[in-house]
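As structure tokens, the structure follows; a few thoughts come after it.
The values are calculated or read from the model by the stated rules, or taken from the named source; none is laboratory data. Fair warning: this is a prediction, and the values are worked out from it, not measured in the lab. With ideal geometry, Cβ positions are generated from the backbone for all residues, glycine too; neighbour counts draw on all protein chains shown.
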Amino acid sequence: MADGNRTAVVTGGSRGIGREVALRLASLGYDIAIVYVGDPAEAADTVSECEKKNVKAKAYICNVASFEETKNTIAEIVKDFGSNIAALVNNAGITRDGLIAMMKEEDWDSVISVNLKGAFNMIRHLSRLFIKNKGGRIVNISSVSGLMGNAGQINYSASKAGIVGLTKSTARELAAKNVTCNAVAPGFIRTDMTKNITEDNSELLRTIPLGRMGEAGDVADAVVFLLSSPYITGEVLRVDGGIAM
């Protein structure tokens, strides 16, 4: 459990999995810095819900694909919350699905930039602070699409496979500094990203051994577990109902 003055940074934290992670960490006593793009009202609502748990919370609009924006945003977070940042959850992600034979270059570039480079940017700018603090916890949100591939998601699958490599290399580099880095690989989770998928889709359900879609809270459970585990690093924890076993 976190001390009250320790801060967790959650990207893509205004809704979906990121919102659930932020709320869960707030309930454990972490102050919460949400990094987001999109609807300011959603971000404000998430901040308000976190504050109800008697912690400090603030939202920062930032394109995580930008090296400079992430650098400046982290400087703002440190100014507002202090240097005792204990945890980073890289959850920000987008999809631009399509078959490889017809995929536009910009759809490839945008997904790789947000999903993979965005995680790199955040780790890059926070790693020195973690080292200075003599410890830190990083959890990156990957996907089972990055473990087993998925037709029509060449860009997304590549970005999420890249997250696995980023996670393992970061874990090796920072282990001696008491910084752990792990990943969670969700399957079909009920969020806005999967809103067009319904549980009436029997073909989809047949691919899930547990026979149902997951909830954002299932992913948050895994994130909290990894953030609280000082002797697990470089691990990829599937939360997929058994799809990729």
| Those helices (runs of 4 or more DSSP H) lying entirely in the range 111-187 with at least 2 residues among the basic types (K, R) and either modelled with pLDDT of 95 or more or more than 26 Å from I208 (Cα to Cα) (or both) | 118-132, 154-174
| task | Report, by residue number, each residue of the range 23-34 that is touching a strand residue (DSSP E or B) at 6+ places or on another chain (Cβ under 8 Å) and without any contact (Cβ under 8 Å) to a residue 60 or more places away in the chain. | result | A26, Y30, D31, I32, A33, I34
| Just wondering, is there one or more residues in the range 44-64 that are surrounded by fewer than 20 Cβ atoms within 10 Å (Cβ to Cβ), without any contact (Cβ under 8 Å) to a residue 24 or more places away in the chain and among the hydroxyl-bearing types (S, T, Y)? | yes
| remark: Within the range 135-152, residues being touching a residue at least 40 places away in the same chain (Cβ under 8 Å), among the polar types (S, T, N, Q) and in contact with a Lys or Arg (Cβ under 9 Å, 6 or more places away or on another chain) number 2
| query | Any residue in the range 30-37 that is under 17 Å from H125 (Cβ atoms) and assigned to a helix (DSSP H, G or I)? | reply | no
| message | Looking at I243, I232, can you tell me which residue is within 17 Å of I17 (Cβ to Cβ) and part of a loop (DSSP other than H, G, I, E, B)? | response | I243
| request: For I74, indicate whether it is touching a residue at least 24 places away in the same chain (Cβ under 8 Å), surrounded by 14 or more Cβ atoms within 10 Å (Cβ to Cβ), over 22 Å from G146 (Cα atoms) and touching a His at 6+ places or on another chain (Cβ under 9 Å). | output: yes
